[in-house]
Amino acid sequence: AEATVSHFFSSDDQQLLVLDRSPFYAESGGQVADTGTIEGQGFQLEVLDCQKNAEGTFLHLVRVVAGEPSEVQPGSTVHCNVDSDRRQHVIRNHTATHLLHAALRQVVGDHVQQKGSLVSPDRLRFDISHYEKIQPEQLAEVEQLVQEWVLRDVELKIYDGIPIEEAKSRGAMALFGEKYGDRVRLVEVPDFSLELCGGIHCQRTGEIGPMVIVHEGSVSSGVRRVEALTGVGGASRTRADEDLIHQLSSLLRVPREDLHDRIGTLVRENRSLKDGKGSAPSRSLLSELDAGHGETRSAGSAEVVIATWQDAPQEQLLQVADALKRRGGDRAFILVSSGNDEIRFIVGTSESLPSGTVHAGQVAKMGAGILGGGGGGRPDMAQAGGKAVDRLPEAIDQMSRSLEDSLAGKDS
Ligand SMILES: [Zn+2]
(Lines give C-alpha, C1' and ligand atoms only; values in the text may rest on other atoms or scores of the structure.)
Protein backbone atom coordinates (compact mmCIF):
# COMPACT_ATOMS: atom_id res chain seq x y z
CA ALA A 1 0.00 0.00 0.00
CA GLU A 2 1.22 3.52 -0.84
CA ALA A 3 1.39 6.23 1.84
CA THR A 4 3.08 9.55 2.51
CA VAL A 5 5.41 10.31 5.41
CA SER A 6 3.89 12.92 7.76
CA HIS A 7 6.49 12.92 10.54
CA PHE A 8 9.68 11.09 11.34
CA PHE A 9 11.34 11.24 14.74
CA SER A 10 14.78 9.74 15.02
CA SER A 11 16.81 9.29 18.16
CA ASP A 12 19.59 6.91 19.08
CA ASP A 13 17.42 4.22 20.59
CA GLN A 14 14.23 4.44 18.59
CA GLN A 15 12.60 5.91 15.52
CA LEU A 16 8.96 6.79 15.15
CA LEU A 17 7.19 7.24 11.85
CA VAL A 18 3.77 8.76 11.18
CA LEU A 19 2.08 8.28 7.81
CA ASP A 20 -0.94 9.99 6.28
CA ARG A 21 -2.63 6.59 6.33
CA SER A 22 -1.47 3.13 7.36
CA PRO A 23 -2.29 -0.47 6.51
CA PHE A 24 -0.63 -1.59 9.76
CA TYR A 25 -2.88 -2.71 12.60
CA ALA A 26 -2.07 -0.81 15.82
CA GLU A 27 -2.12 -2.87 18.99
CA SER A 28 -5.59 -2.82 20.45
CA GLY A 29 -8.00 -4.99 22.38
CA GLY A 30 -5.29 -7.52 23.14
CA GLN A 31 -4.45 -8.06 19.48
CA VAL A 32 -0.76 -7.38 18.87
CA ALA A 33 0.31 -4.88 16.21
CA ASP A 34 1.28 -5.80 12.67
CA THR A 35 4.92 -5.86 11.69
CA GLY A 36 6.48 -5.58 8.24
CA THR A 37 8.55 -3.20 6.16
CA ILE A 38 8.22 0.31 4.72
CA GLU A 39 10.27 1.24 1.65
CA GLY A 40 10.92 4.65 0.16
CA GLN A 41 13.37 6.27 -2.23
CA GLY A 42 16.79 5.34 -0.82
CA PHE A 43 15.71 3.77 2.46
CA GLN A 44 14.05 0.75 3.96
CA LEU A 45 12.47 0.58 7.40
CA GLU A 46 11.52 -2.41 9.46
CA VAL A 47 8.28 -1.95 11.39
CA LEU A 48 8.71 -3.42 14.88
CA ASP A 49 5.49 -2.23 16.47
CA CYS A 50 2.55 0.07 15.87
CA GLN A 51 0.70 1.95 18.61
CA LYS A 52 -2.24 4.30 18.48
CA ASN A 53 -2.01 7.45 20.61
CA ALA A 54 -4.93 9.16 22.35
CA GLU A 55 -5.70 11.19 19.20
CA GLY A 56 -5.88 8.06 17.11
CA THR A 57 -2.57 8.72 15.31
CA PHE A 58 -0.66 5.57 14.34
CA LEU A 59 2.91 5.64 15.63
CA HIS A 60 5.11 3.14 13.81
CA LEU A 61 8.13 2.07 15.81
CA VAL A 62 10.72 1.44 13.10
CA ARG A 63 14.37 0.62 12.56
CA VAL A 64 16.34 1.82 9.53
CA VAL A 65 17.64 -1.31 7.81
CA ALA A 66 18.92 0.35 4.62
CA GLY A 67 19.78 3.94 3.73
CA GLU A 68 20.18 6.88 6.07
CA PRO A 69 17.61 8.15 8.57
CA SER A 70 18.12 11.63 7.07
CA GLU A 71 16.55 10.44 3.82
CA VAL A 72 13.21 9.83 5.52
CA GLN A 73 11.53 13.22 5.01
CA PRO A 74 7.95 14.46 5.36
CA GLY A 75 6.29 14.24 1.98
CA SER A 76 8.23 11.13 0.89
CA THR A 77 6.12 8.50 -0.76
CA VAL A 78 6.56 5.06 0.77
CA HIS A 79 5.38 1.55 0.06
CA CYS A 80 4.10 -0.45 3.08
CA ASN A 81 4.35 -4.21 3.30
CA VAL A 82 2.52 -5.83 6.20
CA ASP A 83 3.94 -9.24 7.18
CA SER A 84 0.84 -11.06 6.01
CA ASP A 85 1.83 -14.56 7.20
CA ARG A 86 2.25 -13.26 10.70
CA ARG A 87 -1.01 -11.35 10.48
CA GLN A 88 -2.83 -14.51 9.33
CA HIS A 89 -1.60 -16.30 12.46
CA VAL A 90 -2.76 -13.38 14.60
CA ILE A 91 -6.22 -13.10 13.08
CA ARG A 92 -6.79 -16.86 13.33
CA ASN A 93 -5.98 -16.65 17.03
CA HIS A 94 -8.08 -13.52 17.38
CA THR A 95 -11.12 -14.99 15.65
CA ALA A 96 -10.75 -18.18 17.70
CA THR A 97 -10.88 -16.02 20.83
CA HIS A 98 -14.42 -14.94 19.90
CA LEU A 99 -15.48 -18.59 19.50
CA LEU A 100 -13.69 -19.56 22.71
CA HIS A 101 -15.45 -16.80 24.65
CA ALA A 102 -18.88 -17.90 23.42
CA ALA A 103 -18.11 -21.58 24.07
CA LEU A 104 -16.87 -20.86 27.62
CA ARG A 105 -20.11 -19.03 28.39
CA GLN A 106 -22.14 -21.96 27.10
CA VAL A 107 -20.17 -24.65 28.90
CA VAL A 108 -18.87 -22.99 32.08
CA GLY A 109 -21.76 -20.57 32.62
CA ASP A 110 -23.02 -17.16 31.54
CA HIS A 111 -21.40 -15.54 34.58
CA VAL A 112 -18.20 -15.75 32.55
CA GLN A 113 -16.85 -12.29 31.68
CA GLN A 114 -13.75 -11.45 29.70
CA LYS A 115 -11.04 -10.21 32.07
CA GLY A 116 -8.16 -9.98 29.66
CA SER A 117 -7.00 -11.11 26.27
CA LEU A 118 -3.71 -11.41 24.43
CA VAL A 119 -3.55 -12.44 20.82
CA SER A 120 -0.11 -13.02 19.34
CA PRO A 121 0.98 -14.93 16.23
CA ASP A 122 1.85 -18.09 18.15
CA ARG A 123 -0.97 -18.39 20.68
CA LEU A 124 -4.00 -16.83 22.27
CA ARG A 125 -4.54 -16.17 25.93
CA PHE A 126 -7.96 -15.45 27.38
CA ASP A 127 -8.75 -14.57 31.00
CA ILE A 128 -12.25 -14.96 32.41
CA SER A 129 -14.05 -14.41 35.68
CA HIS A 130 -14.65 -17.77 37.29
CA TYR A 131 -14.03 -18.91 40.84
CA GLU A 132 -12.82 -22.46 40.41
CA LYS A 133 -10.72 -24.59 38.15
CA ILE A 134 -12.28 -25.24 34.77
CA GLN A 135 -12.48 -29.03 34.76
CA PRO A 136 -10.72 -31.03 32.03
CA GLU A 137 -14.08 -32.37 30.80
CA GLN A 138 -15.36 -28.80 30.48
CA LEU A 139 -12.26 -27.78 28.53
CA ALA A 140 -12.75 -30.75 26.22
CA GLU A 141 -16.36 -29.71 25.68
CA VAL A 142 -15.36 -26.09 25.01
CA GLU A 143 -12.73 -27.21 22.52
CA GLN A 144 -15.20 -29.46 20.74
CA LEU A 145 -17.81 -26.71 20.54
CA VAL A 146 -15.27 -24.31 19.01
CA GLN A 147 -14.21 -26.98 16.55
CA GLU A 148 -17.82 -27.52 15.51
CA TRP A 149 -18.13 -23.84 14.64
CA VAL A 150 -14.82 -23.90 12.80
CA LEU A 151 -16.00 -26.84 10.70
CA ARG A 152 -19.30 -25.09 9.90
CA ASP A 153 -17.11 -22.51 8.14
CA VAL A 154 -19.49 -19.67 8.97
CA GLU A 155 -18.95 -16.23 7.44
CA LEU A 156 -18.31 -13.52 10.04
CA LYS A 157 -20.54 -10.45 9.91
CA ILE A 158 -19.05 -7.03 10.71
CA TYR A 159 -21.36 -4.09 11.51
CA ASP A 160 -19.77 -0.63 11.73
CA GLY A 161 -21.26 2.41 13.42
CA ILE A 162 -23.93 0.66 15.47
CA PRO A 163 -25.39 2.81 18.27
CA ILE A 164 -24.10 1.50 21.58
CA GLU A 165 -27.67 1.13 22.96
CA GLU A 166 -28.65 -1.04 20.02
CA ALA A 167 -25.52 -3.18 20.48
CA LYS A 168 -26.36 -3.67 24.14
CA SER A 169 -30.00 -4.52 23.42
CA ARG A 170 -28.85 -7.13 20.92
CA GLY A 171 -26.87 -8.71 23.75
CA ALA A 172 -23.41 -8.03 22.35
CA MET A 173 -20.55 -8.98 24.67
CA ALA A 174 -18.53 -6.00 25.79
CA LEU A 175 -15.72 -5.47 28.24
CA PHE A 176 -17.21 -4.69 31.63
CA GLY A 177 -16.24 -1.19 32.78
CA GLU A 178 -14.74 -0.27 29.40
CA LYS A 179 -15.60 3.19 27.97
CA TYR A 180 -17.14 2.90 24.52
CA GLY A 181 -18.12 5.66 22.12
CA ASP A 182 -21.70 6.33 20.99
CA ARG A 183 -21.24 4.12 17.99
CA VAL A 184 -19.45 0.79 18.03
CA ARG A 185 -18.33 -1.99 15.76
CA LEU A 186 -19.99 -5.37 16.13
CA VAL A 187 -18.48 -8.69 15.10
CA GLU A 188 -20.88 -11.57 14.76
CA VAL A 189 -20.57 -15.28 14.19
CA PRO A 190 -24.27 -15.75 13.44
CA ASP A 191 -26.16 -17.85 15.99
CA PHE A 192 -23.09 -18.20 18.17
CA SER A 193 -21.17 -15.06 19.09
CA LEU A 194 -21.74 -11.30 19.07
CA GLU A 195 -19.10 -8.94 20.42
CA LEU A 196 -18.01 -5.34 20.33
CA CYS A 197 -14.62 -5.48 18.63
CA GLY A 198 -12.34 -3.32 16.53
CA GLY A 199 -9.87 -6.04 15.61
CA ILE A 200 -9.12 -7.90 12.40
CA HIS A 201 -10.78 -11.25 11.81
CA CYS A 202 -10.89 -14.20 9.47
CA GLN A 203 -13.62 -13.94 6.84
CA ARG A 204 -14.88 -17.40 7.69
CA THR A 205 -14.47 -19.54 10.81
CA GLY A 206 -13.01 -22.39 8.76
CA GLU A 207 -9.78 -20.42 8.32
CA ILE A 208 -9.00 -20.93 12.03
CA GLY A 209 -8.13 -24.58 11.51
CA PRO A 210 -7.54 -26.85 14.50
CA MET A 211 -7.81 -25.13 17.88
CA VAL A 212 -6.10 -26.88 20.78
CA ILE A 213 -6.45 -25.71 24.39
CA VAL A 214 -3.01 -26.15 25.95
CA HIS A 215 -3.32 -24.52 29.36
CA GLU A 216 -5.81 -23.66 32.08
CA GLY A 217 -4.75 -22.00 35.29
CA SER A 218 -5.32 -19.33 37.88
CA VAL A 219 -4.23 -15.71 37.37
CA SER A 220 -5.63 -14.18 40.53
CA SER A 221 -8.55 -14.79 42.82
CA GLY A 222 -11.62 -15.38 40.66
CA VAL A 223 -9.78 -15.13 37.36
CA ARG A 224 -8.87 -18.17 35.25
CA ARG A 225 -6.64 -18.18 32.21
CA VAL A 226 -7.08 -20.34 29.12
CA GLU A 227 -4.40 -20.60 26.45
CA ALA A 228 -4.88 -22.13 23.03
CA LEU A 229 -3.16 -22.64 19.69
CA THR A 230 -4.78 -22.53 16.27
CA GLY A 231 -3.99 -23.28 12.65
CA VAL A 232 -0.43 -24.42 12.02
CA GLY A 233 0.35 -24.05 15.72
CA GLY A 234 -2.55 -26.32 16.69
CA ALA A 235 -1.51 -28.94 14.16
CA SER A 236 2.16 -28.83 15.27
CA ARG A 237 1.14 -29.28 18.87
CA THR A 238 -0.90 -32.35 18.00
CA ARG A 239 2.05 -33.74 16.02
CA ALA A 240 4.42 -33.13 18.96
CA ASP A 241 1.98 -34.85 21.34
CA GLU A 242 1.77 -37.86 19.02
CA ASP A 243 5.57 -38.09 18.92
CA LEU A 244 5.80 -37.89 22.69
CA ILE A 245 3.22 -40.64 23.17
CA HIS A 246 5.05 -42.79 20.66
CA GLN A 247 8.36 -42.32 22.50
CA LEU A 248 6.80 -43.12 25.88
CA SER A 249 5.05 -46.11 24.44
CA SER A 250 8.26 -47.60 23.06
CA LEU A 251 10.23 -46.69 26.19
CA LEU A 252 7.74 -48.49 28.44
CA ARG A 253 7.00 -51.17 25.83
CA VAL A 254 3.22 -50.89 26.07
CA PRO A 255 0.62 -49.78 23.53
CA ARG A 256 -0.57 -46.19 23.96
CA GLU A 257 -3.90 -47.19 25.50
CA ASP A 258 -2.01 -48.96 28.33
CA LEU A 259 0.38 -46.07 29.03
CA HIS A 260 -1.73 -44.56 31.78
CA ASP A 261 -1.96 -47.85 33.71
CA ARG A 262 1.71 -48.64 33.21
CA ILE A 263 2.90 -45.27 34.47
CA GLY A 264 0.50 -45.55 37.42
CA THR A 265 2.08 -48.87 38.35
CA LEU A 266 5.59 -47.46 38.06
CA VAL A 267 4.71 -44.50 40.27
CA ARG A 268 3.25 -46.81 42.94
CA GLU A 269 6.27 -49.12 42.80
CA ASN A 270 8.63 -46.20 43.09
CA ARG A 271 6.73 -44.83 46.06
CA SER A 272 6.77 -48.13 47.92
CA LEU A 273 10.49 -48.52 47.23
CA LYS A 274 11.14 -45.06 48.58
CA ASP A 275 9.10 -44.92 51.71
CA GLY A 276 8.43 -48.20 52.69
CA LYS A 277 8.60 -51.78 53.58
CA GLY A 278 11.30 -50.79 56.07
CA SER A 279 13.55 -47.83 55.53
CA ALA A 280 16.59 -50.02 54.83
CA PRO A 281 15.06 -53.02 53.09
CA SER A 282 18.26 -54.43 51.58
CA ARG A 283 19.90 -54.50 54.95
CA SER A 284 17.03 -56.59 56.25
CA LEU A 285 17.40 -59.15 53.43
CA LEU A 286 21.09 -59.40 54.23
CA SER A 287 20.45 -59.65 57.95
CA GLU A 288 17.87 -62.36 57.29
CA LEU A 289 20.53 -64.19 55.34
CA ASP A 290 23.06 -63.75 58.14
CA ALA A 291 20.46 -64.91 60.65
CA GLY A 292 20.24 -68.22 58.86
CA HIS A 293 17.75 -67.63 56.03
CA GLY A 294 18.57 -69.81 53.06
CA GLU A 295 21.16 -72.50 52.80
CA THR A 296 24.93 -72.80 52.55
CA ARG A 297 26.48 -75.80 50.82
CA SER A 298 30.17 -76.42 51.13
CA ALA A 299 32.24 -77.15 48.06
CA GLY A 300 35.79 -77.95 48.97
CA SER A 301 37.27 -74.89 50.61
CA ALA A 302 34.50 -72.72 49.14
CA GLU A 303 30.76 -72.46 49.65
CA VAL A 304 27.56 -71.96 47.68
CA VAL A 305 24.96 -69.66 49.28
CA ILE A 306 21.37 -70.17 48.16
CA ALA A 307 18.50 -67.95 49.33
CA THR A 308 14.96 -67.42 48.11
CA TRP A 309 12.58 -64.56 49.03
CA GLN A 310 8.98 -64.00 48.11
CA ASP A 311 8.71 -61.05 45.69
CA ALA A 312 11.99 -59.38 46.60
CA PRO A 313 12.65 -56.24 44.53
CA GLN A 314 15.54 -56.70 42.12
CA GLU A 315 17.28 -53.65 43.58
CA GLN A 316 17.42 -55.33 46.99
CA LEU A 317 18.65 -58.65 45.58
CA LEU A 318 21.43 -56.72 43.84
CA GLN A 319 22.43 -55.06 47.10
CA VAL A 320 22.66 -58.44 48.83
CA ALA A 321 24.68 -59.73 45.88
CA ASP A 322 27.03 -56.79 46.25
CA ALA A 323 27.58 -57.48 49.93
CA LEU A 324 28.27 -61.20 49.32
CA LYS A 325 30.67 -60.30 46.53
CA ARG A 326 32.82 -58.09 48.74
CA ARG A 327 32.72 -60.32 51.79
CA GLY A 328 35.93 -62.35 52.27
CA GLY A 329 36.11 -66.07 51.43
CA ASP A 330 35.59 -68.05 48.24
CA ARG A 331 31.93 -68.19 47.45
CA ALA A 332 29.29 -68.50 44.78
CA PHE A 333 25.67 -67.54 45.41
CA ILE A 334 22.17 -67.87 43.99
CA LEU A 335 19.72 -65.22 45.16
CA VAL A 336 16.12 -65.77 44.11
CA SER A 337 12.96 -63.68 44.10
CA SER A 338 10.00 -66.00 43.76
CA GLY A 339 6.67 -64.57 42.62
CA ASN A 340 3.34 -66.14 41.73
CA ASP A 341 3.99 -66.08 38.03
CA GLU A 342 7.64 -65.16 37.68
CA ILE A 343 11.04 -66.11 39.09
CA ARG A 344 13.99 -63.71 39.02
CA PHE A 345 17.43 -64.62 40.26
CA ILE A 346 21.05 -63.53 40.49
CA VAL A 347 24.08 -65.79 40.26
CA GLY A 348 27.41 -64.36 41.38
CA THR A 349 30.79 -65.04 42.87
CA SER A 350 32.93 -63.40 45.56
CA GLU A 351 35.74 -61.12 44.42
CA SER A 352 38.39 -63.32 46.00
CA LEU A 353 37.55 -66.30 43.80
CA PRO A 354 40.16 -66.84 41.06
CA SER A 355 38.69 -65.87 37.72
CA GLY A 356 37.76 -68.75 35.46
CA THR A 357 36.71 -70.93 38.38
CA VAL A 358 33.01 -70.59 37.60
CA HIS A 359 31.03 -68.75 34.94
CA ALA A 360 28.00 -67.18 36.61
CA GLY A 361 26.59 -66.09 33.26
CA GLN A 362 26.53 -69.64 31.90
CA VAL A 363 25.10 -71.05 35.11
CA ALA A 364 22.33 -68.42 35.11
CA LYS A 365 21.54 -69.17 31.51
CA MET A 366 21.16 -72.86 32.31
CA GLY A 367 18.84 -72.08 35.25
CA ALA A 368 16.76 -69.72 33.09
CA GLY A 369 16.48 -72.47 30.50
CA ILE A 370 14.87 -74.77 33.05
CA LEU A 371 12.48 -71.96 34.06
CA GLY A 372 11.52 -71.35 30.46
CA GLY A 373 13.03 -67.87 30.47
CA GLY A 374 16.27 -66.15 29.64
CA GLY A 375 19.14 -64.07 30.92
CA GLY A 376 22.84 -64.21 31.50
CA GLY A 377 25.76 -61.98 32.23
CA ARG A 378 29.42 -61.78 33.15
CA PRO A 379 31.46 -64.63 34.67
CA ASP A 380 31.17 -62.99 38.11
CA MET A 381 27.60 -61.70 38.01
CA ALA A 382 24.47 -62.58 36.06
CA GLN A 383 20.73 -61.91 36.21
CA ALA A 384 18.07 -64.16 34.76
CA GLY A 385 14.55 -65.40 35.25
CA GLY A 386 11.63 -67.38 33.89
CA LYS A 387 7.95 -68.09 34.29
CA ALA A 388 7.92 -71.84 35.01
CA VAL A 389 7.62 -71.24 38.76
CA ASP A 390 6.96 -74.89 39.57
CA ARG A 391 10.38 -75.85 38.23
CA LEU A 392 12.26 -73.57 40.64
CA PRO A 393 13.55 -76.37 42.92
CA GLU A 394 14.97 -78.21 39.92
CA ALA A 395 16.59 -75.05 38.55
CA ILE A 396 18.20 -74.22 41.90
CA ASP A 397 19.42 -77.77 42.31
CA GLN A 398 21.01 -77.88 38.84
CA MET A 399 22.67 -74.50 39.21
CA SER A 400 23.94 -75.31 42.68
CA ARG A 401 25.42 -78.64 41.53
CA SER A 402 27.19 -76.95 38.68
CA LEU A 403 28.63 -74.29 40.99
CA GLU A 404 29.63 -76.87 43.61
CA ASP A 405 31.42 -78.97 40.99
CA SER A 406 33.35 -76.02 39.64
CA LEU A 407 34.31 -74.75 43.10
CA ALA A 408 35.41 -78.19 44.30
CA GLY A 409 37.39 -78.66 41.08
CA LYS A 410 39.53 -75.58 41.75
CA ASP A 411 41.14 -77.30 44.75
CA SER A 412 42.37 -80.29 42.78
ZN1 LIG B 1 -12.49 -9.42 17.41
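The values are calculated or read from the model by the stated rules, or taken from the named source; none is laboratory data. It should be emphasised that the depicted structure is a prediction, and the values quoted were computed from it without experimental measurement. As a convention, Cβ positions derive from the backbone with ideal geometry for all residues, glycine included, and neighbour counts pool all protein chains shown.
Miscellaneous remarks
- Qualifying residue in region 309-323 (condition: crowded, with 19+ Cβ neighbours inside 10 Å, more than 42 Å from the chain's Cα centre (by Cα) and at pLDDT 90 or above): no
- The set of residues in region 152-171 being part of a strand (DSSP E or B), among the acidic types (Asp, Glu) and more than 10 Å from Val189 (Cα to Cα) consists of Asp160 alone.
- Among the candidates Gly161, Gly171, Gly217, Gly209, residue that is closer than 29 Å to Leu48 by Cβ and more than 14 Å from the ligand (Cβ to nearest atom): Gly209
- Of all the residues in region 209-237, those that are assigned to a helix (DSSP H, G or I) and surrounded by 15 or more Cβ atoms within 10 Å (Cβ to Cβ) number 5.
- In region 372-402, the residues that are assigned to a strand (DSSP E or B) and either surrounded by fewer than 14 Cβ atoms within 10 Å (Cβ to Cβ) or of a type in the set (A, V, I, L, M, F, W, C) (or both): Gly374, Met381, Ala382, Ala384
- Residue tally, condition over 40 Å from the mean Cα position of the chain (by Cα) and not hydrophobic (A, V, I, L, M, F, W, C), over region 54-87: 14
- Of the strands (runs of 3 or more DSSP E) lying entirely inside region 3-89, those containing at least 3 residues that are more than 16 Å from the ligand (Cβ to nearest atom) and more than 30 Å from Leu196 (Cβ to Cβ) are 36-40, 43-52, 58-66, 77-82.
Let's see how each residue does on (1) in contact (Cβ under 8 Å) with a residue 40 or more places away in the chain; (2) of a type in the set (Gly, Ala, Ser):
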position	(1), (2)
Glu27	no, no
Gly30	yes, yes
Gly36	yes, yes
Gly40	no, yes
Asp49	no, no
Asn53	no, no
Gly56	no, yes
His60	yes, no
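- Pairs linking a residue in region 291-315 that is closer than 8 Å to Glu404 by Cα to a residue that is of a type in the set (Phe, Trp, Tyr), with Cβ atoms under 6 Å and 6 or more positions apart or on different chains, do not occur.
- Residue within region 168-182 that is more than 22 Å from Gly30 (Cα to Cα) and surrounded by 11 or more Cβ atoms within 10 Å (Cβ to Cβ) present: yes
- So Ser250, is it at pLDDT below 85 and under 35 Å from the mean Cα position of the chain (by Cα): no
- Only one of the listed residues (Val146, Val187, Val154) is hydrophobic (A, V, I, L, M, F, W, C) and under 25 Å from the mean Cα position of the chain (by Cα). That residue is Val146.
- Residue tally, condition in a loop (DSSP other than H, G, I, E, B) and within 13 Å of the ligand (Cβ to nearest atom), over region 178-202: 6
- Among residues of region 233-251 being in contact (Cβ under 8 Å) with a residue 12 or more places away in the chain and in contact with a Lys or Arg (Cβ under 7 Å, 6 or more places away or on another chain), the one that is farthest from Val119 (Cα to Cα) is Ile245.
- One residue from Ala140, Ala102 being crowded, with 16+ Cβ neighbours inside 10 Å and at pLDDT 95 or above: Ala102
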